[in-house]
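Asks: Pasting a structure here, questions to come.
Each value in this text was obtained by applying a stated rule to the coordinates, not by laboratory testing. Note that the coordinates shown come from a computational prediction; the quantities given were computed from them, not determined experimentally. Cβ placement follows ideal geometry from the backbone for every residue including glycine, while neighbour counts extend to all protein chains displayed.
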Amino acid sequence: MTIKKRYLRIAHILFIALLLIQLLPDQATYPVYTSLLVRFAVGTEIVVLIASALVKKEESLALLVDIAGFLFVFLAIWSLVTAKYNYLNPQLFPAPGKIVHQFVVDREKIWTNVRSSLLTIIKGFVLATAVAVPLGLFIGWSARVGSAATYITKFFSSIPPIVYIPYGIALLPTFKSVSVFVIFLATFWPVFAGTMSGVLGVDKKIIDSAKVLNVGKLETLFKVILPASLQQIFLGCNQGLSVSFILLTSAEMIAAKDGMGYYVKYYSDFGDYTRTITGLLVIGFVVIGVTFLFNKLQNRLLKWKH
Amino acid sequence: MTTNKIEIKDLTVNYIENKRSFNALHDVSFGVADGEFVSVIGASGCGKSTLLSVLEGLYAPAGGTVQIDGKELRGTGTERGVVFQHYSLFPWMTTKKNIEFGIKQARKDVKRGDRSRIADEYLTKVGLDGFGSKYPSQLSGGMQQRAAIARALAMNTEILLMDEPFSAIDPKNRVILQELLLKLWEGDGSEPRKTVVFVTHDIDEAILLSDKIVVLTAHPGTVNEVVNVPFDRPRKRDELVRTDEYSKFRNRLLSLLYNDIAERIGGDEVVL
């Protein structure tokens, strides 16, 4: 990449525009923490500049820079309609600096809630995957029950897992365990179905190859059928993961004492929309982060496909 | 009397498709001597691949016997190396790992540490030096088949079963691969040659490679004729194809293959 391609980007101009806008006088009647917004923007710009120097692939860099560009535009408009010209109801639409401020003030509380949510997700998700994949392999492999199981799975996966919550509450001692249970169900069926369809779709020639190499039954299942159906399994996992986040945050809004959904619901009940928006954004970042890491894992394990 | 390495007697195979059973092979008998290269040719649907499936142990015959070294064949076994037309290699393993896996399965005496060295050795033999860390999807079809051959050879089996291994390869590379196989199989005389059963629909391929050609007739698959290939080894394609003997022999095989089809369809109007 040439220096020009690396550093001469419209996003940097947008960054400067954003800074210039911050020089305008604040018309809002509440503290808008302009300096915090500026620090956040500068931090983002520094990350972009470091990435510009380090990232090797041109497309990935362009993507990152463009996203930052959008962010700067968004922040500029947001601060104009709130802090700078006070067009919007400050109660419902707090200035961006105020959100950054709230995040800094609440960071420990937010971290506790994020951790609680993530732990619940991980427990339910890992447990479901650990049961669904081997079970799907075994049942999909035995052709006779395989197709029957497909129909049963279709039935169970058609039930939106959220309706299990009341029954889960009756069944299990704590709300935490109910959350894990519901996430387990939300993940189990798609992963189970994905595994089975993966197994049923494995090319017969691959199985023949394993047979002529005298690969044992169990080894065939885990060393041949499993990798051959990995893509389908990941399809199920992705579905389970995204549904899990929806479910968990909904469940936390209903009855939990912590978690990201709880944070959002709790403060919106008090009309504290600054914290509500802060919570929404944090949830967005957490989900993006988890999805990103999961995709990395998937790409690594499926490297041989491309 | 010498016994054959592989002895097929009155082999009958029924195939079940859409709940209807049909006779894929009927009373097929022939033998393959130790160290002999035998090709099985025939029109598509004549059951040549089915025949190989039986030898691979993937398909059980309805009647007749297959003996290897005088023993009845039962199921699959790593004393037979197999190369398929597709998917001989596991796509999630690198080329080298595929070969190492084959060695692990077939040669229990080879220590774990030696597998890598043997795999490299065979990668070199088939001209895939430096491609060991590639996944099959990163290789061309021809290179994949080289790797599959490398694995089958690295398994050090006495018998090699090849099911149209070069049919999906473009003509130029097919010729190169045939010559590679010929060279590897003929060897330098230091080691005994492997017993090969090679299925193909390419007559020139069969002539170039084989000691003996089994011509199958379709519906049901029966042996039309077993023909000995009268050309000396080591063979050179360029020299071989220019001789009159080659053309004559080739025509004879063609007539064996196509007379049969013509008869079936009904005489003179058949243009092939």
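Asks: Which residue fluctuates most in the GNM of chain B (Cα springs below 10 Å): B:GLU186, B:GLU245, B:GLU205?
Replies: Of the options given, B:GLU245 has the highest mean-square fluctuation.
Asks: Once amide H atoms are built 1.01 Å from N in the peptide plane, which residues 5 or more positions from B:GLU36, or in another chain, come under 5 Å H to H?
Replies: B:VAL196
Asks: Further, regarding this structure: When DSSP assigns beta bridges and you keep just the ones with both residues in the protein assembly as shown, what percent turn out antiparallel, to the nearest 5?
Replies: Beta bridges within the protein assembly as shown, antiparallel portion: roughly 55 percent.
Asks: Within the set A:LYS205/B:LYS125; B:LYS183/B:LYS212; B:LYS9/B:LYS48; A:LYS211/B:LYS48; A:LYS305/B:LYS172, which residue pairs have Cα atoms separated by over 22 Å?
Replies: Distance filter (> 22 Å) returns A:LYS205/B:LYS125; A:LYS305/B:LYS172.
Asks: Further, regarding this structure: I need the chymotrypsin sites (Phe, Trp or Tyr not before Pro) found in region A:45-137, filtered to DSSP loop residues with at most 16 other beta carbons within 10 Å of theirs. Intermediate results must be reported in sequence, preceding the final value.
Replies: Numbers: sites: A:PHE70, A:PHE72, A:PHE74, A:TRP78, A:TYR85, A:TYR87, A:PHE103, A:TRP111, A:PHE125; in loops: A:TYR85, A:TYR87.
Here the sparse-neighbourhood loop sites are A:TYR85, A:TYR87.
Asks: Right, another one. From the cross-link list A:LYS154/B:LYS134; A:LYS109/A:LYS176; B:LYS71/B:LYS97, which pairs have alpha carbons spaced over 28 Å apart?
Replies: Numbers: A:LYS154/B:LYS134 39 Å; A:LYS109/A:LYS176 18 Å; B:LYS71/B:LYS97 32 Å.
Checking Cα-Cα distances, A:LYS154/B:LYS134; B:LYS71/B:LYS97 exceed 28 Å.
Asks: Same structure again: DSSP loop trypsin sites (Lys or Arg not before Pro) in region A:185-269 with at most 13 other Cβ atoms within 10 Å of their Cβ, which ones?
Replies: A:LYS257
Asks: Based on the Kirkwood radius over alpha-carbon pairs, what value in µm²/s does the Stokes-Einstein equation return for the translational diffusion coefficient of the protein assembly as shown at 37 °C and 0.692 mPa s?
Replies: 112 µm²/s
Asks: A further question on this structure: Top mean-square fluctuation among B:PHE84, B:PHE22, B:PHE198, Gaussian network model of chain B, C-alpha springs under 10 Å?
Replies: Result for chain B, Cα springs under 10 Å: B:PHE22 fluctuates most.
Asks: For chain A, modelled as a Gaussian network with Cα springs under 10 Å, which listed residue fluctuates most, A:GLY201, A:GLY168, A:GLY97?
Replies: A:GLY201
Asks: Which number gives the lysine pairs in region A:3-105 that have C-alpha atoms under 26 Å apart and are eight or more places apart or on different chains?
Replies: 5
Asks: In degrees, nearest 10, range 0 to 90: what is the angle between the Cα axis of helix B:244-265 and the longest Cα principal axis of chain B?
Replies: Helix B:244-265 sits roughly 60 degrees off the main axis of chain B.
Asks: Taking the alpha carbon gyration tensor of region B:1-116, what are the square roots of 5 times its eigenvalues, largest first, to the nearest whole Å?
Replies: 29, 20, 13
Asks: Same structure again: In Å and whole numbers, how far do the C-alpha atoms of chain B stretch along each principal axis, longest first?
Replies: 61, 45, 43
Asks: Now, a different point. If the cut-off is 13 Å between C-alpha atoms, which aspartates and glutamates fall inside it for B:LYS194, apart from same-chain ones fewer than 8 positions away?
Replies: Leaving aside aspartates and glutamates fewer than 8 places away in the same chain, those within reach of B:LYS194 are B:ASP34, B:GLU36, B:GLU79, B:GLU158, B:GLU186, B:ASP211.
Asks: Within 10 Å of each candidate Cβ there may be at most 11 other Cβ atoms; applying that plus a DSSP loop requirement, which chymotrypsin sites (Phe, Trp or Tyr not before Pro) in region A:226-303 survive?
Replies: Here the chymotrypsin sites (Phe, Trp or Tyr not before Pro) that fit, given the DSSP loop and packing criteria, are A:PHE270.
Asks: How many percent of the alpha carbon pairs in region A:3-105 exceed a separation of 20 Å?
Replies: 41 percent
Asks: Another question about this same structure. Round to the nearest 10 and give me the degree value, 0 to 90, for the angle of helix B:141-154's Cα axis relative to the longest principal axis of chain B.
Replies: 70 degrees
Asks: Which of the helices in chain A, when you take each full DSSP H run, stretch at least 20 Å along the axis at their Cα atoms and have an average Kyte-Doolittle score of -0.5 or higher? Spell out each step's value before the answer.
Replies: Details: long enough: A:34-54 (30 Å, 1.80); A:58-79 (31 Å, 1.67); A:107-141 (49 Å, 0.93); A:143-157 (21 Å, 0.44); A:175-200 (37 Å, 1.60); A:230-255 (36 Å, 1.11); A:273-301 (42 Å, 1.00).
Correct list, ordered by number: A:34-54, A:58-79, A:107-141, A:143-157, A:175-200, A:230-255, A:273-301.
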